[in-house]
Amino acid sequence: MRRLGELAVPGAVVGMAAGFVAGGLALVVGQPPGWAMVTALTFGVPLALLGGLYGVLVGSGKVRIGVFAPAALFWFVGFPPARLAHEVLSGLVLGGVAGWPSDLVGFLAYQAMVSLGWAIGFLWLHERIAPGWLRRVRAGNPRAAELFERYVVHAAALAEARERRRSRHPSRAGRT
Amino acid sequence: MDSSNAPAASSSESGVTPPPSAERVWQAGRLEPMPIRKLPDAPPSIHLLGPTVFLVALGVGMGESYMWPRLVLLFGPEIRWLFLIGVTLQAVVMLEMARYAMATGESIFFGAARVFKPIMWFFFVVAILVYIWPGHLSAGAAALERITGIPWVVSACVGLVLVGLLFSMAKVIYPLLENVLALLIGLLVVSTSIVAAMVGQWSDVVSTITGMFHFGYFPEQAMSPAWFPIIVGSIAFAGPSGMQQMWYTLHLRDSGAGMGAHIPKVRGLRHAGEEEEMPSRGFMFDTDDADEMKKWKGWRRWVTFDALLLFWGITMLVTISFTVLAQAASRQSPDVKGLIESGEREAALNAMSDAFASAGGPVLGGVFLGFIALIGLNATLGLFDSFSRGQSDMAYHFVPGAKKFGVSKLYAGFLWGVILFGIAILLWGPADGPGAILDVLAFLSTFAMGAYCVVLLLVNNRMLPKPIRPKLVTNLVIGFGAVFYLGMLIFSLVKFGVVVG
C-alpha cells in the first residue's frame, strides 16, 4: 500500500496545490480564513485523490507517461464530480445544507469543458515533478524504480535522437 | 524555375558529403540544389511535452489576454467568430510552414529566396519595420507599473538589457530559464482552469462558444475608422502573430524536427567560438523510398498534434477563460464599456484588471496585471530571439561577406541592434504609449501574414517533390488566408483611409 501511495504523490501534490489555489481565491473574495480552508479541502482533497489515482494508473502501466489523450479522458470524467463534491460539501459544512447547483447538467457540462484545460496544466506539472520524486523513493520501492526507469528510457530516447545529430556534428553541444 | 530532378536513394547516412559527381540532389529553384539525406525517425509517440510546447506557451500573448477580451467587452461575444477564423487559419498555416521546414531543414525565408529572391528581401525589411518597436515589453511594463509603481520606461529598458544578456549567455542560463518558465506556465494554466471552474458558469461558455459561430456579425460601431483597423489587427494577433509563423520554421529546425536534424544550432554569443559551419543550403529526403515516406507521415502526425492541441487548443482555452471572466465583470460594472469607448487606450488594461478584480477581489486584479507583465516579458523573449534568428539566417545566406562572421555572431548583432534601438525609442522615440505601439504592430503584422500565405503556396507547390506537396483543400485554405488578410487590409485603407485607428 505504501508503495502505491508513493506512486500517487506527484499527482496528489498537483491536485492539492490546485485546492489551495481555490482556497486562495476564496480568501481574496473576502471569505473568512476558515471558509477558505474548507474550500481548499473540499476541492483539493477530491483532486488530490484523483491525481493520485492517475499516478497509480501510470505506475501500473495502464496509462503511458506524458501522453495527453488518456490524461484528458481521465479528467474529463473525474474533474466534474470533484468540482461537484466541492460545491456540495462546502455548502454542507458552511451552511448545513448540501449546495447542489440549480442547473446540475449545465454545471457538469461546464466543468467537463474546463477539465481539458486543467488536464493540460496537470499533466505538464505532473511530468515535471514525477521523475524527481521517483528518483528519491526508488531505492525502497520496486514499482517506483520501474516507473522511474520508464521515464529514463523515454528521456534517453529523446536524448539519443539529439546525440545522433551531434555525432554528425561533433563540435556541437547544443543551446536549447 | 520549377523543380525537376526527382530525388533518389540516399547517398550517405553519415553526413560526410561524397564527391559532387556521386551525390544525388533535389533541384529547387535556381539556388544551390539540396543533397539527399536520410530522414530521421519521428518521435515514437504523441507527447504533450515536446520542445514546441515551450514555444507555444510563449505564443499565447497579448491577443488572447488583452485584445480579444477587450473587443468582447465592447462588441459582445458574437465578434469572436473572427477569432475562430483567425486561429483556425493559423493552425493550417503552421502545418504548411512545418511542411517545408521539416522536408528541407531550410527556413521559409530560404524557400522564398528559392522562388524569387526579392520576396525574401521583402520579409527582411518588413521584419525590421515591424519588430524593432518594443511594443510587447512596453505593454507588460505598463502593467508592472500599476502593481509596483516603477515607471514603465525604466522596467522596459532593464527588461530589454536582461533579454540581451540572457540570450548572449544562453548556453549556461537557458536550460534553467526554460525549466523555471515551464513550471510558471504550468501553474498559470492550472490556476486559470481553477479560477474558470470557480467563477464561470455554463451560460458564459454558451455565449462565448456560440459567439464564435455568428459568422458575418459585425456591429455598426465596429465599421468605424477608429475600430475597424484594430479589429483587423486583433485577428492577426489571434494565436501566433505576424511573422512568428515564419520564425517557427527556424525553431523547428533548431529542435531537430525532420531534416532540421542535419542543420547545426544557433549558439549564444558567449559560445559563438564553438560553432560549426552552417551548410549553405538544406537537405531533401528520398520521396521515392516507401520507408522514408512512412517516416515523413510520422513527422506530419507529430506536427499535426502540435497544431491542433497546442496552437489551436491552448489559444482557445486561454481566450475563452479570459473572455468568460471579462463578461462576468461587464455584468458587475457596466462602466467598463464606457471606459474603453472614451478613447483612453490605457483604460482598456485597467478595465481588464477591473474585470478580474470584480470577479475575485482587488488582489485578483493585481494578479491579472502580473499575468500581463509576465506575458509581455515572455513575448519579448520569444520575439527578439525569433527576430534575430530570422534576420541572421537571411543575412548569413544572402548578404555577401556575412558568412565569415558565422550565424551566432550575426544573431548577436541583430539581437543587440534591436535592443539598443528599442531602448532609444523608449527613451526618446515617437512612442506615445504602449497601446499605440501595439496597434501599429498588429496592423503591420496583417500584411506580413497575407504575404506569407502567398509565399507558402509558391514554396510548397513549386519547391517540394510532388509526393509531399500540399493537397488541393490545404491550398484553398491558405489561398483563402491570403485573400482574407490582404482583403481586409486593403478594405480598411480604401474604406477608411487609415492604417491604424
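When A:V14 is tested against (1) buried (at least 20 other Cβ atoms within 10 Å of the Cβ); (2) farther than 13 Å from B:S191 by Cα; (3) within 11 Å of another protein chain (Cβ to nearest Cβ), exactly one condition is not met: (2). Exactly one residue out of A:A71, A:A8 is more than 12 Å from chain B (Cβ to nearest Cβ), within 11 Å of the chain's Cα centre (by Cα) and crowded, with 20+ Cβ neighbours inside 10 Å, and it is A:A8. Being crowded, with 24+ Cβ neighbours inside 10 Å and in a helix (DSSP H, G or I) is a property that B:L82 has.
Filter the stretch A:59-68 for residues that are closer than 16 Å to A:A130 by Cα and more than 9 Å from chain B (Cβ to nearest Cβ); which is surrounded by the fewest Cβ atoms within 10 Å (Cβ to Cβ)? The extreme case among them is A:G61.
Here is the figure for the stretch B:302-320: residues that are farther than 21 Å from A:A112 by Cα and among the hydrophobic types (A, V, I, L, M, F, W, C) total 4. When you scan the stretch A:38-47, do you find a residue that is within 29 Å of A:R135 (Cβ to Cβ) and more than 14 Å from every other protein chain (Cβ to nearest Cβ), even just one? Taking every residue of the stretch A:38-47 in turn, at least one turns out to be within 29 Å of A:R135 (Cβ to Cβ) and more than 14 Å from every other protein chain (Cβ to nearest Cβ).
Scanning for something within 22 Å of the chain's Cα centre (by Cα) and at pLDDT 90 or above, does the stretch B:427-437 turn up at least one residue? The answer is no, given that none of the residues of the stretch B:427-437 is within 22 Å of the chain's Cα centre (by Cα) and at pLDDT 90 or above.
This table checks each residue for (1) touching a Phe, Trp or Tyr at 6+ places or on another chain (Cβ under 7 Å); (2) among the small types (G, A, S).
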| position | (1), (2) |
| --- | --- |
| A:G66 | no, yes |
| A:A72 | no, yes |
| A:P81 | no, no |
| A:S102 | no, yes |
| A:G106 | yes, yes |
| A:H154 | no, no |
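The values are calculated or read from the model by the stated rules, or taken from the named source; none is laboratory data. The structure displayed is predicted, hence computed values, not measured ones. Cβ coordinates were reconstructed from backbone atoms using ideal geometry, including for glycine residues, and neighbour counts include every protein chain displayed.
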